[in-house]
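Data first, discussion second: the structure below is written as structure tokens.
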Amino acid sequence: MSFLFFLSQIFFNFLPQGEILFPAGIVQVEVADSPLEQQRGLMDRMYLSEDHGMIFVYQDSHVRTFWMKNTLLPLDMIFFDASKKIVDIKKNVQPCRQDPCEIYPSKKPAQYVLEMKSGSADRLGLRENGSASIILPYP
């Protein structure tokens, strides 16, 4: 198991890094902006610290659907529109233990989706219609 953890950390260290600034704190993020990175997401991740997450960056706004297949940790999902306003929050989404896995769609179109450790949305005081500064390693 520790070898898999080691490999997962190497893989994620190659993803571009960014930050999301909220009024109550900063989240360091790995940027998933390609279909392959987005498909992989946080699958098989055995640990995620309180101030880290993954941001899924899309070229356009659509209703986004996520699932928890092969995800080992409960997560909070924060959906942002193109103006970086929070349009939906899914809290304490549990890993999928058997097929078929539940699907979690955003209530409204989203261009960015942040996955963080469960409890992070409450810890940061996040609410729908709130906003954030999303700092990516490219324009």
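Can you tell me which of ASP81, ASP44, ASP60 moves the most in a GNM of the chain? Springs connect C-alpha atoms under 10 Å apart. The residue that fluctuates most here is ASP60. Each of ILE55, CYS101, GLY41 was scored by the projection of its Cα onto the charge dipole of the chain, and the greatest displacement toward the positive side belongs to CYS101; charges sit on the C-beta of Lys, Arg, Asp and Glu. For the chain, a Kirkwood hydrodynamic radius built from all Cα pairs, placed in the Stokes-Einstein relation at 37 °C and 0.692 mPa s, yields a translational diffusion coefficient of 218 µm²/s.
If each DSSP helix of 4+ residues adds -39,500 (n - 2.57) and the sum is divided by the residues in the chain, what number results at 222 nm, nearest 500 deg cm²/dmol? Using -39500 (n - 2.57) per qualifying helix, the result is -4000 deg cm²/dmol.
Dipole orientation for the chain: of the candidates PHE66, PRO139, TYR112, PHE66 has the Cα lying most toward the positive pole (charges on Cβ; Lys, Arg +1; Asp, Glu -1). Of the trypsin sites (Lys or Arg not before Pro) in the stretch 86-117, the ones in a loop by DSSP (not H, G, I, E or B) with at most 15 other beta carbons within 10 Å are ARG97, LYS107. Placing +1 on the Cβ of every Lys and Arg and -1 on the Cβ of every Asp and Glu, with nothing else charged, gives the chain a dipole about its Cα centre of roughly 280 debye. Once each part is reduced to its C-alpha centroid, what is the distance from the stretch 98-139 to the stretch 29-73 in angstrom? Taking the Cα centre of the stretch 29-73 as reference, the centre of the stretch 98-139 is 10 Å away. Using the Karplus relation 6.51 cos²θ - 1.76 cosθ + 1.60 with θ = phi - 60°, the per-residue 3J(HN,Hα) values for the stretch 93-109 come to 6, 8, x, 7, 9, 7, 6, x, 7, 5, 9, 10, x, 6, 5, 9, x Hz, with x marking Gly and Pro. A simple rule links phi to the HN-Hα coupling: the Karplus curve 6.51 cos²θ - 1.76 cosθ + 1.60 with θ = phi - 60°, which for the stretch 75-91 gives 10, 9, 10, 10, 9, 10, 7, 5, 8, 6, 8, 6, 10, 6, 9, 10, 9 Hz, with x for Gly and Pro.
A short reminder: the numbers here are calculations on the coordinates, not readings from a lab. All values reported here derive from a predicted model rather than from experimental measurement. Note that we place each Cβ from the backbone using ideal geometry, even for glycine, and neighbour counts take in every protein chain shown.
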